[in-house]
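Below is one structure, written out as structure tokens, with a few remarks after it.
The values are calculated or read from the model by the stated rules, or taken from the named source; none is laboratory data. Treat the numbers as computed from the prediction; the structure is a model and nothing was measured. When we count neighbours, we look across all protein chains shown, and the Cβ atoms used for this are built from the backbone with ideal geometry, even at glycine.
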Amino acid sequence: MITQDSIEALKARLDIVDVVGSYIELKRAGSSFKAPCPFHDEKSPSFTVNPSRQKYHCFGCGAGGDSINFVMEYEKLSYPEAIEKLAASTNFTLHYTDNAHQKKRSNLLETLNEWYQKLLEQNRVAQDYLHERGIYASSIERFGIGYAPVSGDTLRFLEQRRLPTSEAIEQGAIGKGDDGRLFARFIERITFPIHSTSGAIVGFGGRTITGHQAKYVNSSQSAIFNKSRLLYAYHLAREAIYRRREIIVTEGYLDVVMLHQAGFTHSVATLGTALTAEHLPLLRKGEPKIFLAYDGDKAGRAAAFKASKLLSMSGFDGGVVLFEGGLDPADMIKNNQIEALNALLHRPIPFIEFVISETINNYDLQDPKGKESGLHETIGFLKTLSPLLQEEYRPLVAAKLGISPSLIRLGNTQNTQHQPLQLSHHDIWELSFIKTLIERPHITDTLLDFIDGSLLQYHASEFEAALQGRFNDPRLSALMMDDRIRVFEGDEGIKLELITFLNAHYNRELKKLTTQNTVSFDQKSYLIRQIREKIARLKKGELVPLT
């Protein structure tokens, strides 16, 4: 058994706002925080987190307790399992009454990182790379940057230090092949330790310097490492984020290191993945403005577009800064363009304006059908916003499309108790899909490999609300009570429905692409081939991943 002293010491280290806030979005309400209760459906938030008492309580269903109770209830864990999970995420060593079952943490990742740092000091090629990128020795030390050698060296190091193989596999330091042979996950790479919000190392990112096929890799998912909930360097940026009430989100580790080096210490990065709904609770902390600092190439613009839709639909304030001409924040800082960078970061394109512009730019406005399609897609996005914002942005949409504002008919997007919604075939399918996700949450992670909110034309905001667990949202409540909206039956039924939807979606994308005049012939030909390949695979009954 875990000793009571050990449990009390762990509790003293935990902050309930951080623990609960890593699972659900909390909003300040005086000296406490509130949110819709994650344990029952409700129309108004009655779930309260009190930081001074380190307790949570729901006045609706009566759920309550401390950080350990919350993790037990949310993740359906036993009391010891919840304690061990929290201890692992905060780098805390537990003690047990029975020495035979003592589970003393080996500090494996911390030990491995110290070794990586020493190896960097001995590797001239890795040092030269960092020096050429403009990174100071002080930044290398502050961020704990290191170097991972060939696989055999890492395996021998773990064996010499008598670090448990099972724990190394569990924490993503090594892997096991189909033939049972062990291998290091980071080979000949510059390493960037990734920390939890409390500062414990939970994984690594690695950048190749010897031409490996993947430029960057991350630790594999584990009990303590979920790349969709973590932000690189958040533990170093948190104080500045809370003080400035701003956060800069970039796409790369080196961008963050260089931004901190130049004084932009409120900078973080996603871990080689797009910004997702799971990042929102962390981004919400301190209620900062969000500035997306992304590359201005096609991939960067696409990532900024998806993130901007997600953030605007979720009520975040901020905007997008795109870096053109192949430059990124790290390059600008290296070239002593800090004043120019500062000016760029202070002139972001607001999220909603960016989404509208990017949406319309995807269509050939010289073609009346293209203009009409652009109008329909933009209206679909506007309907995800509040009535006030819809009206405010109506003139911008009209100006960009070159049409009269009177043609932008948004209709009444507010649900009423007395008048049922008029639903089209497309509405019915999208709402049925959302209802299926709500009633069968265990399939959500699998399906998100093939579809996200950006693919829905009419109900993207309800989709995001369902993913975030905001089941008290009036739109979701109305959806669940509407008998016209069915739940898709069985795994095979869901697959067939999704294939039909994706086939229609990619055919629309193909038609849209043929009318575009903003991309080169070669690039258009390449994209057309990609989409046709997806359509061909769908026709064979195969689901096609988003990327």
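Points to keep in mind about this one:
- Listed by first and then second residue, the pairs with beta-carbon distance under 8 Å, at least 6 apart or on different chains, first residue in the stretch 284-296 and buried (at least 21 other Cβ atoms within 10 Å of the Cβ), second assigned to a strand (DSSP E or B) and hydroxyl-bearing (Ser, Thr, Tyr), are ALA293/THR250; ALA293/SER267; TYR294/THR250.
- Cβ separations smaller than 9 Å between residues 6+ apart or across chains give the following pairs from the stretch 130-143 residues that are in contact (Cβ under 8 Å) with a residue 40 or more places away in the chain and over 15 Å from GLN117 (Cα atoms) to residues that are among the polar types (S, T, N, Q) and loosely packed, with under 13 Cβ neighbours inside 10 Å: GLY134/ASN335.
- Every residue from the stretch 358-372 that is surrounded by fewer than 17 Cβ atoms within 10 Å (Cβ to Cβ) and of a type in the set (S, T, N, Q): ASN361, GLN366
- Residue in the stretch 475-497 that is basic (Lys, Arg) and at pLDDT below 80 present: yes
- Search result, residues across the stretch 373-388 that are exposed (fewer than 14 other Cβ atoms within 10 Å of the Cβ), without any contact (Cβ under 8 Å) to a residue 60 or more places away in the chain and assigned to a helix (DSSP H, G or I): PRO387, LEU388
- ALA536 being at pLDDT 75 or above and under 23 Å from the mean Cα position of the chain (by Cα): no
- GLY199 meets all of the listed conditions (1) of a type outside the set (A, V, I, L, M); (2) in contact with a helix residue (DSSP H, G or I) (Cβ under 8 Å, 6 or more places away or on another chain); (3) surrounded by 16 or more Cβ atoms within 10 Å (Cβ to Cβ); (4) within 18 Å of ALA269 (Cα to Cα) but one, namely (3).
- Restricting the first member to the stretch 152-170 and to residues that are in a loop (DSSP other than H, G, I, E, B), and the second to residues that are among the small types (Gly, Ala, Ser), the beta-carbon pairs closer than 9 Å and six or more apart or on different chains are ARG161/SER106; ARG162/SER106; LEU163/SER106; LEU163/ALA173; PRO164/SER106.
- Of the criteria (1) in a loop (DSSP other than H, G, I, E, B); (2) of a type outside the set (A, V, I, L, M); (3) crowded, with 23+ Cβ neighbours inside 10 Å, which one SER308 fails: (1)
- Qualifying residues in the stretch 1-18 (those that are more than 24 Å from the chain's Cα centre (by Cα), of a type in the set (A, V, I, L, M) and part of a helix (DSSP H, G or I)) - the one nearest to HIS95 (Cα to Cα): ILE7
- Here the stretch 178-192 is the region considered, the condition is being assigned to a loop (DSSP other than H, G, I, E, B) and out of contact with any His (no Cβ under 9 Å at 6 or more places or on another chain), and the residue that is modelled with the highest pLDDT is PHE186.
- Note on the stretch 511-532: residues that are at pLDDT 85 or above and either of a type in the set (A, V, I, L, M, F, W, C) or closer than 22 Å to THR444 by Cβ (or both) total 2.
- Every test in (1) modelled with pLDDT under 90; (2) more than 30 Å from GLY21 (Cβ to Cβ) is passed by GLY199 save one, and that test is (2).
- Answer residue from the stretch 268-277, given it is free of Cβ contacts under 8 Å to residues at least 60 places away in the same chain and not hydrophobic (A, V, I, L, M, F, W, C) and is surrounded by the most Cβ atoms within 10 Å (Cβ to Cβ) among those: THR270
- Test result for ALA465, surrounded by 17 or more Cβ atoms within 10 Å (Cβ to Cβ), part of a helix (DSSP H, G or I) and either out of contact with any Ser or Thr (no Cβ under 6 Å at 6 or more places or on another chain) or among the acidic types (Asp, Glu) (or both): yes
- Scanning the stretch 365-386 turns up no residue that is assigned by TED's automatic domain parsing to the domain that holds ARG284 and within 18 Å of SER461 (Cβ to Cβ).
- Taking each residue of the stretch 486-507 that is of a type in the set (A, V, I, L, M) and looking for partners that are part of a helix (DSSP H, G or I) and buried (at least 16 other Cβ atoms within 10 Å of the Cβ) with beta-carbon atoms closer than 6 Å, six or more apart or interchain, yields VAL487/LYS435; VAL487/THR436; ILE499/LEU538; LEU502/LEU538.
- Extreme residue, farthest from the chain's Cα centre (by Cα), among residues of the stretch 499-532 that are outside any helix (DSSP H, G or I) and surrounded by 12 or more Cβ atoms within 10 Å (Cβ to Cβ): THR515
- Subset of the stretch 69-93 [over 18 Å from GLU25 (Cβ atoms) and either acidic (Asp, Glu) or more than 25 Å from the chain's Cα centre (by Cα) (or both)]: ASN69, SER78, TYR79, PRO80, GLU81, ILE83, GLU84, PHE92, THR93
- Residue ID - nearest to LEU230 (Cα to Cα), chosen from residues in the stretch 255-265 that are buried (at least 24 other Cβ atoms within 10 Å of the Cβ) and not aromatic (Phe, Trp, Tyr): VAL256
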